[in-house]
């Protein structure tokens, strides 16, 4: 045996059982304000510009690498390099080489020196 509690409507409360919902057609179509369209267009334009700038940056990094490119070269190609205090053949080639492996260039510079040590102010011919 089970007991069920049922709430009965109060006698003074109005009943809504006889009312029905119905759709009302608006007198004119509801359209967003012109400001909404302007704001949407502005956001879309900013998104397109951001995507284009991002794609350009990624493309440049893919082509030049994170530290490569013409702007990072401290001297024009073919100009002699002036040896600074603390320079080694390896550090010079790594800093100014455009190829991946610095060993062949280090060997070429060692032959150019003829077994002498580097002296500050000395000129080296780098490709």
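The values are calculated or read from the model by the stated rules, or taken from the named source; none is laboratory data. Just so you know, these numbers come straight off a predicted model, no measurement behind them.
Name the residues in the stretch 115-126 that are on the phi > 0 side of the Ramachandran plot and at pLDDT 85 or above, would you? Selection gives 121 alone. Residues in the stretch 83-113 that are modelled with pLDDT under 85 and on the phi > 0 side of the Ramachandran plot: there are none.
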